[in-house]
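Step one of this worksheet: look at the structure below.
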Amino acid sequence: MSSSSRSTEALWQAFFANPLDWWDNRKDKKNPRYPDFKHKSTGEALWVEGRNNPNWVVSQLAVLDSRMGSLQDKQRKPVSYMYADDFMTSDASD
């Protein structure tokens, strides 16, 4: 195992440990050479199709995407606001 593949593996491990610390550029890539993921603080970059990627990256991304997708679906549900007038009815007619 070369040192570059070890460092790539370490970056992927860091990504999966804290995926919210990374920008996910997969949907917005204007240039195919632009990284799929970029660390928000360090600028370190990862590519899904990287040459030195460990063989488990694609399957783990699928798991992460399904989990993050369900999380985002919950966050995107429309909010139903309830106002005081909705539950405070006048009982004066009783």
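A few points about this structure:
- Estimated vicinal HN-Hα couplings, Hz - region 55-67 in sequence order (Karplus 6.51, -1.76, 1.60; Gly, Pro = x): 5, 8, 4, 4, 5, 5, 5, 4, 5, 4, 4, 5, 5
- Net charge of Cβ neighbours under 10 Å - reference ARG26; Lys, Arg +1; Asp, Glu -1: -2
Only the coordinates and a few stated rules stand behind these numbers; no lab work does. Keep in mind that what you see is a predicted model, and the values were worked out from it rather than measured. Don't worry about glycine lacking a Cβ; one is built from the backbone with ideal geometry, like all the others, and counts go over all protein chains shown.
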